[in-house]
Amino acid sequence: MSRTLPRPPKVVDLHADSISDFEDYEQDELLGLSLEKLRDNLDAAIYWGYTQIEFIHGKGKGALRQAVYDELAYYKGSGTIVSYHPSYRNTDIVVVHIGL
C-alpha cells in the first residue's frame, strides 16, 4: 500500500495559538509541538517536491525562532534542505529553500 503525505501549505504558522487547545500545554510542550509541526510540514514539502516553504515563528522572546533555526541547521547539515534565511519582507518568517 502506498502512503502519501497531505500537501502542506506554502506558509506555515508555528505560533502557539495556531495549535488547538494551546492553553492546556506548558511552554516547553508548546515549543515541542511547534517543532513537530515544522518537521511534519517540511517533510511533506520535501515529499511533494516543493522548492520553498515558509514558517512563521514571530517575535516573542525568541525561543521559538532559535529552536526553528537550530532545527533547520540540522536539516541543512544532513543535506535535506539547501538553505534558509529570514524573509526579506518580514523577519518573523523564515524562508526554507528545499531544492533548485
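All but one of (1) within 19 Å of residue 30 (Cβ to Cβ); (2) of a type outside the set (Phe, Trp, Tyr); (3) touching a helix residue (DSSP H, G or I) at 6+ places or on another chain (Cβ under 8 Å) hold for residue 98; which doesn't?
Only one criterion in (1) within 19 Å of residue 30 (Cβ to Cβ); (2) of a type outside the set (Phe, Trp, Tyr); (3) touching a helix residue (DSSP H, G or I) at 6+ places or on another chain (Cβ under 8 Å) is unmet by residue 98, namely (1).
Residue-by-condition table, conditions (1) under 13 Å from residue 14 (Cα atoms); (2) touching a strand residue (DSSP E or B) at 6+ places or on another chain (Cβ under 9 Å); (3) at pLDDT 95 or above:
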site	(1), (2), (3)
43	no, no, yes
55	yes, yes, yes
60	yes, no, no
65	yes, yes, no
75	no, yes, yes
81	no, yes, yes
84	no, yes, yes
90	no, yes, no
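The values are calculated or read from the model by the stated rules, or taken from the named source; none is laboratory data. All of these numbers come straight from a predicted model, not from anything done at the bench. Neighbour counts run over all protein chains shown; Cβ positions are idealised from the backbone, glycine included.
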